Amino acid sequence: MIDQNPASTFLIRRRRFLAAGLAAVTLPAFGKVTGVQASSDELDAFIRGEMSRANIPGMAVGIARKGVVRLTRGYGFAEIEHRRAVTVDTLFHIASVTKTVTATAVMRLVESGKFHLDDSVAEHLDFPLINPHHPDAPITFRQLLMHTSSISDAKYYDIDFRQHGGDSTVLLGDFLKGYLVSGGRNYAAEGCFSKVVSGGAWDYSNVGYGLLGYLASRIGGEDMREQTRKQIFAPLGMRHSSWTIAGTSEARRATPYDLVDGVLKPMEMVGFPDWSAGMLRSSVAEFTRFVAASANGGSTRQVQILGKAAMAEMLDMRTPPELPTWLTGQGLGWGASNLEGKPFPNHWGGDPGVFTAVYLDPASQSGVVIFTNMSVTAESRTAVKNIANRLLTSQLG
């Protein structure tokens, strides 16, 4: 989740905000509109205007209400040079929005009685997990889900774990053992673990979500990616969503872009070993189905991916110590922050060349999805917030 905090992710640590503008590009709109009133033209104009002001090359948006996808739409370009348009089927790297899927997979295991949220995770691992500053304090599933585990990303930000041009060849287990186990290749007591005891402070952790993927795989008896494919993606009809770059069609992929000296430049795709923290790729047509269920007590009208009680627990926002001011609460996988003064569960995602956001309004059983193919900037943050607010409050569908 990059949310509004410029220091909370690899992306923000690795790049600087660029306020310089770009040459404007024409932004066509394509895609499917389902059950939408005539005011969709007004929405199109609003979104195009926000994209133009923020110099966003391509965007896809979706709206779901009461378990049904009401609108999906693409704008701008998935690839600028050949003017390949974004459609509702364009596959975006959704970055840390991935964590909402990982958290859902973990909660499915909780529902099945495999463990309790406040259990220590150590007994489920094949390596020791000890915060050297607090060796007797257990790390629990709830703490991992809420970013209060005391596992720190400080060392993670100092190392370039990216594999350029494709998926990482480093196995998730090897990555975790090298980072979390004393004597490991990337281990550092001061950088891999916080000096605050587990449960004692909020500290966003990609490594913690990498660990959740590893735990879910071990406890579920199958790679978590396969579990999600069978138990979440297939029932929802998410046939093209993939945990790997190799698993996506090149013709469907959105090209990632960054600002370099005021010009949009295409970027190489990169893979990370901690796939459960941010490697999922999906289209707005498919991912809005997942968001529809998340906003509707864990189910669409056809498919239940999680029980109501478990979904409600995911969205039960708490305020752990040191929760940053840009968050109003932290749930299990989902955080909450304000739009126009009202808190909504949400998750943002950012990596080089991608900026994504999903918002839920459980009161109206609504959810929105916004995918872009450009690195986050101050202007695109504002644009995404404005668009999210417009989508949540629209009468479309």
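Observations, loosely collected:
- Pairs with C-alpha atoms separated by more than 31 Å, drawn from the list 177/342; 195/342; 230/265; 99/155; 195/230; 66/99, are 177/342; 195/342; 230/265; 195/230.
- Region 227-353: Cα Rg divided by the 2.2 N^0.38 Å rule of thumb: 1.23
- Cα centroid separation - region 316-345 against region 234-307, whole Å: 23
- Fraction of antiparallel bridges per DSSP, the chain only, in percent to nearest 5: 95
- Between residue 251 and residue 363, full extension at 0.36 nm per residue minus the direct alpha carbon distance yields a gain of 36.5 nm.
- Cα-Cα separations in the chain greater than 38 Å, expressed as whole percent: 13
- Residue 289 exposes around 80 Å² of accessible area when a 1.4 Å probe is run over every protein chain in place.
- Value of Rg to Rh for region 163-253 (Rh from inverse mean 1/r over Cα pairs, i.e. Kirkwood): 1.04
- Taking the protein heavy atoms of the chain in the context of the full set of protein chains, the accessible area attributed to carbon and sulfur is 48 percent at 1.4 Å.
- Burial order of peptide ranges 111-118, 94-101 (average beta-carbon count within 10 Å, highest first): 94-101, 111-118
- Accessible surface calculations at 1.4 Å, restricted to protein heavy atoms, place region 335-397 at 26 Å² per residue.
- Region 230-341, relative contact order [Cα under 8 Å, separation at least 6], %: 18
- A convex hull fitted to the Cα coordinates of region 340-383 yields 71 cubic angstrom per residue.
- Charge sum, other residues only, whose C-beta stays under 10 Å from residue 244's C-beta, Lys/Arg counted +1 and Asp/Glu -1: +1
- Each Lys or Arg adds one and each Asp or Glu subtracts one; over the other residues with Cβ under 12 Å from the Cβ of residue 94, this totals 0.
- Think of the chain as having a plus end and a minus end, set by charges on the Cβ of Lys, Arg, Asp and Glu; of 109, 293, 173, 293 sits farthest toward the positive end of this dipole.
- Contact order normalised by residue count of the chain, Cα under 8 Å, 6+ apart, percent: 26
- Within the assembled protein chains, the solvent-accessible surface assigned to residue 204 is about 10 Å², based on a 1.4 Å probe.
- Extended-chain gain in nm, criterion 0.36 nm per residue less alpha-carbon gap, residue 222 and residue 133: 28.8 nm
- Region 136-175 versus region 51-84: alpha-carbon centroid distance in Å: 31
- Fully extended contour minus Cα-Cα distance, from residue 114 to residue 46, at 0.36 nm per residue: 19.8 nm
The values are calculated or read from the model by the stated rules, or taken from the named source; none is laboratory data. Because the structure is a prediction, the values reported are computed rather than measured. Note that each Cβ is placed from the backbone with ideal geometry, even for glycine, and that neighbours are counted across all protein chains shown. Please note that ligands, DNA and RNA were not included when accessible areas were found on the heavy atoms of the full protein model with its side chains. Shrake-Rupley method; radii C 1.70, N 1.55, O 1.52, S 1.80 Å.
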